[in-house]
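Read through the structure below, which is laid out as structure tokens, and then see the notes.
Nothing in this text is a laboratory measurement; each read-out follows from the coordinates by a stated rule. Keep in mind the model is a prediction, meaning the values are calculated, not measured. Cβ: placed from backbone, ideal geometry, glycine included. Neighbour counts: every protein chain shown.
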Amino acid sequence: MADHSLNDMAAGQRASNDPPKMEARNVDVFYGAKQAIKNVSIDVGMENVTAFIGPSGCGKSTFLRTLNRMNDTVSSARVTGEITLDGDDIYSPEMDVVQLRARVGMVFQKPNPFPKSIYENVAYGPRIHGLASGKADMDAIVEKSLRRAGLWDEVKDRLSESGTAMSGGQQQRLCIARAIAVEPEVILMDEPCSALDPIATAKIEELIHELRGRYAIVIVTHNMQQAARVSQRTAFFHLGTLVEYGDTSEIFTNPRETRTKDYITGRYG
Amino acid sequence: MTPGFILLVILALAVAGWFAGRAKAAAFPRATGAARAHSLPSQHGWFVAIWAAAPALIFLAVWAAVVPGLTLNEVLRAPAASALPAFPMERAAILSQARALSAGQTMPELHPLAASLASVWGAAATRYGMIGLALAALLAFAGGAWAWTRLSPRFRARTRVERIVMGALLGASLIAILTTLGIVASLLFESLRFFSRVSPLDFLFGTLWSPQSGDEGTFGAVPLFWGTIFIGAIIAMLVAIPLGLLSAIYLTQYAPPAARRWLKPILEVLAGVPTVVYGYFAALTVAPAIRGFAATLGIPGASSESALAAGLVMGVMIIPFVSSMADDSIAAVPQSMRDGSLAMGATTSETIRRVLVPAALPGVVGGVLLAVSRAIGETMIVVMAAGLAANLTANPFSSVTTVTTQIVQLLTGDQEFDSAKTLAAFALGLVLFIVTLLLNIVALRVVKKYREAYE
Ligand SMILES: Nc1ncnc2c1ncn2[C@@H]1O[C@H](COP(=O)(O)OP(=O)(O)OP(=O)(O)O)[C@@H](O)[C@H]1O
Ligand SMILES: [Mg+2]
């Protein structure tokens, strides 16, 4: 905390009393000539769940996708600045993007299981990364991942059925199981509950609680209550900038910025 | 009185009816609300015009069908006709000379009787022409006048016209369907005649095809079916499936938009090349090259017409077909599948191999089935390059023959129409029709089901 006064700008962006897993410094993202993220610096802690909130179009998804370089798949997107994972620059030429995405997993807004069996969905990642040494090993990985995703008891008797034939909430938990099957260190979730009903949402939130500590988790959400329930740290984005970042309890009870306060109290957004 | 002139008269009456109807409707008192005229003046015009033209045209069609008979009757009743010879051929020849003469044609060797009958013929034709014109004009006028009297501000000309238009469209589509049914029926009928001479079992399972042998020939079609499958479903698909699929993958996943804009139309040009061009390319370029190649390797049985030459060229012809179906299917796989795989750390090629292609597979399979049905019905390439020898062989360098080639072979040249040889062509056509129909139905089912999966 010695550099607190030295680096005023970064002070609020530190993940308090939590070793940073990923650090972003002065990140800009452009789509063609249009700038979607402006000079964002933020730390993502290992122990806490971090929530990104902000009005639609403010760049939450865009910034989230810079953390596992999914923006590489958008040909017009360009990222500048520095983002590190355990201190290694993920945009440096030495960084293998395949390896990076195995370490930084992602769950999407709309559940997107592959049109394969439940088993094959979970086995997909371990298979392409060669993580299992045999059938028994793969079975164990699949079971462990499904258990962690809280899905094992529901699907253990129908592992060979299609992943697309499940309910939306089950599909989303399958996607989470698929992501954790490769033992990532960070899991990014982009509005993982927005396509789900309240009961399925509650299950996912519970799951996030259980996964906390094992993985660094970043979740984008439009739902203030959800951010308050699942996260310990909250970042408020507005028009491509990071307005405020702090403990969730602080942000929701005593925000420093009026823009944050207006958004949280529903005055705009 | 030529039919063209009668048509012109009907048309003129219809145009007059259009103007009359419109003029009457335009003079309706202008009102608003419920009293407002239901239809526009021009719609009233169309109503009158259709009523003027349609009955007269229908009458004309019927009239044109019966007039030749009436005319002939009249000529035969003339005194000069009693001198006609009784022998039918000669009789018909003289009558047709007379008719041609009356129509103003000149001819060198004229039968004297024809000249005298020609004037009778001409007179009769003119009279019936006049009657036809008068009746048609009367009908047109009556129809138009009746329609015209019905016009009133409340009259729903617009709805009527709409209904007539719908009827006309329905008629057009019925003609296409009925024609198809007619063709199928004749195929079926002639095939039944064939099967009354040759047992269907011998035809479908016999392995000797020799239509020229003996009086009746031998019709075991298995070598033909095999040749068709060998060329169209095996060799051609070995070329078309990998090349079509890979080019579709390149175009959808790797090609920059600019390259896609250029490459896709160029690929589709392949589908527009006339098959006869492929045919002589196969016969003159590919086949000799393959024979030379086989000869240098010392492969026995290499002939100048080979299954391989026809199959390879046919495969090339089918590539755009497979590629565009595969392209559609891959493009229909949602982007979220691709993102999901990439986000797991899969590379683009792993994503294609493990997610996109399996997800697109039903669509690709449907496309391949359609391609097969096209390939086995294809005629020109195999006629020119595959040969006529009905060999039952798996050697791609030797000559085989196909169903379509044999149909062409059986029907060209002088044949009595009801010989077993000719009828065999219909039976082959029927088999081909049934197989391609089934392939099409299955393929469309598969493709449709797959489309639904992502909608
Ligand atoms: N592929 C793209 N190409 C061009 N512009 C894009 C693209 N994706 C996003 N944008 C733009 O970038 C800005 C930020 O978009 P982003 O999707 O990150 O917003 P968001 O905060 O996630 O919004 P929401 O809450 O609606 O999901 C928006 O103005 C959007 O129009
Ligand atoms: Mg978003």
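Quick notes on this structure:
- For the protein assembly as shown, a simple Cβ point-charge model (Lys and Arg +1, Asp and Glu -1, everything else neutral) yields a dipole of about 2920 debye relative to the Cα centre.
- Label-point separation, B:Val269 to B:Thr285 (7 Å along Cα→Cβ), nm: 1.3
- Estimated translational D of the range B:1-159 in µm²/s (Stokes, Kirkwood radius over Cα pairs; 20 °C; 1.002 mPa s): 116
- Fewest-first sequence of B:Ser336, B:Ser306, B:Ser82, B:Ser102 by Cβ atoms within 10 Å of each Cβ: B:Ser82, B:Ser336, B:Ser102, B:Ser306
- Based on the Kirkwood approach, the hydrodynamic radius assigned to the protein assembly as shown is 33.9 Å, with every pair of different Cα atoms included.
- Of all DSSP beta bridges in chain A, antiparallel share, percent nearest 5: 60
- For chain B, averaging the sequence separation of C-alpha pairs within contact (under 8 Å, six or more residues apart) and dividing by the residue count gives a relative contact order of 16 percent.
- Kirkwood Rh, Cα atoms: Rg over Rh of the range A:104-190: 0.93
- Efficiency of FRET from Cβ geometry, A:Arg158 and B:Ala64, R₀ 41 Å, rounded to 0.05: 0.05
- Farthest positive-ward along the protein assembly as shown dipole, Cα basis, beta-carbon charges - from A:Pro19, B:Phe230, B:Ile434: B:Ile434
- Chain B - mean residue ellipticity at 222 nm from DSSP helices (-39,500 (n - 2.57) per run, n ≥ 4, rounded to 500): -24500 deg cm²/dmol
- Net length gained if the chain between A:Glu94 and A:Thr73 were fully extended (0.36 nm per residue, minus Cα distance): 5.7 nm
- Alpha-carbon gyration tensor eigenvalues x 5, square-rooted, for the range B:204-454, Å: 39, 21, 15
- Restricting attention to the protein assembly as shown, close to 60% of DSSP beta bridges with both partner residues there are antiparallel.
- D by Stokes-Einstein for the range A:3-264, Kirkwood Rh over Cα pairs, 4 °C, 1.567 mPa s: 69 µm²/s.
- When only Cα pairs below 8 angstrom with a gap of at least 6 residues are kept, the range A:148-269 shows a relative contact order of 18 percent.
- Here the convex hull built on the C-alpha positions of the range B:177-328 has a volume of 181 cubic angstrom per residue.
- Only helices enter this figure: runs of n ≥ 4 DSSP H residues, each worth -39500 (n - 2.57), summed and divided by the residues of chain A, yield -9500 deg cm²/dmol at 222 nm to the nearest 500.
- Beyond 26 Å in Cα-Cα separation lie the following of the pairs A:Lys21/A:Lys135; A:Lys110/B:Lys449; A:Lys203/B:Lys448; A:Lys110/B:Lys448: A:Lys21/A:Lys135; A:Lys203/B:Lys448.
- Beta bridges per DSSP with both ends in the range A:102-236, % antiparallel, nearest 5: 10
- The label-point distance for B:Gln253 and B:Thr207, in a model that sets each label 7 Å from Cα toward Cβ, rounds to 4.4 nm.
- Given R0 = 56 Å, the distance between the Cβ atoms of B:Leu392 and A:Asn254 translates into a calculated FRET efficiency of 0.05.
- The distance between label points at B:Val276 and B:Leu192 comes to 3.7 nm (points 7 Å beyond Cα on the Cα→Cβ vector).
- Relative contact order, whole percent, for the range B:3-155 stands at 39, derived from Cα pairs under 8 Å and 6 or more residues apart.
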